[in-house]
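Below: one structure, written as structure tokens.
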Amino acid sequence: MIDLLEDKLGVDGIGELALMIWLGCGVLGLVGSMIYIPQKRKQERITELENAWPDVLADLAEELRAGMGVESALDAIANSRKDQMGSRLRDAVNDMRDNGFGKAMKDFAEKSESVMISRIVSILNVALASSGSIATTLEKISDEFWEIYMLKKERLMKTQSNANFILWFGAIACPVILGAIVAIFGGDINAGATTLSFDMSGLNSSLFFYMIVLGASSLWMEAVILQKTKTAIWRTPIFVFYAITALLLSLQIKLGG
């Protein structure tokens, strides 16, 4: 297999060892994808719950001010929602009938796996235990939570495009551009009756290992900007593989003649 790849993709300076490293990155990238995708889906579920949470708090405060009990209010809110939050709240309401509000909401927060939701549930339990005005507490928390959510959303909108540009330019566009330049302008050059020959093995080899650094650094820059460093380690071999693949394919470019 390596011999076939070397015949198809190998160029001066990029031989059997380099292609084995490339395949190794591909295998690690596949393993990384299998680990990263479940984590990504988990984070998407948490984000969905956190996005819905301010509305739940505001609706709960409104229902409590209208004279409903906590359990009845949560039941009404859960039945009015058709999303993941509604489903989880229905489970929490069923749990309340056996274990009470405090224990049921604590379990709800733990199952959500959201640090923010867990903190707010703790505040609600304290407010309920101290006989404080839970409706007033809910309104204040909802307003502050919504403000935090909007600030995070605004920050993401401002940085998302820049982070994506860094990632995809570094992992795909830059390797293609560099590889194409070397493929088109490197090698033998005919100057009249004279042919100028250049040894490209050193340059190609340097480019290959540069792509490893470029793919990894582009991914980590994007991860730092978007605060995704927890999953960056699993995504790193994926984008290193992309960068090397882009280089190998672009080095195959040949103009007619």
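The values are calculated or read from the model by the stated rules, or taken from the named source; none is laboratory data. Values in this document were obtained by computation on a predicted structure and should not be read as measured data. Here Cβ is always computed from backbone atoms with ideal geometry, including for glycine, and neighbour counts include all displayed protein chains.
The rows are residues; the columns are (1) assigned to a helix (DSSP H, G or I); (2) among the acidic types (Asp, Glu); (3) touching a residue at least 60 places away in the same chain (Cβ under 8 Å).
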residue	(1), (2), (3)
47	yes, no, no
60	yes, no, yes
74	yes, no, no
88	yes, no, no
98	yes, yes, no
104	yes, no, no
124	yes, no, no
Checklist entry - Of the residues 138, 128, 124, which single one is farther than 23 Å from residue 152 by Cα and buried (at least 20 other Cβ atoms within 10 Å of the Cβ)? => result 124
Checklist entry - With 72, 87 as the choices, which residue is over 30 Å from residue 216 (Cβ atoms) and at pLDDT 90 or above? => result 87
Next on the checklist: Anything in the stretch 77-121 that is closer than 15 Å to residue 60 by Cα and loosely packed, with under 15 Cβ neighbours inside 10 Å? List them, or say none.
Outcome noted: 79, 80
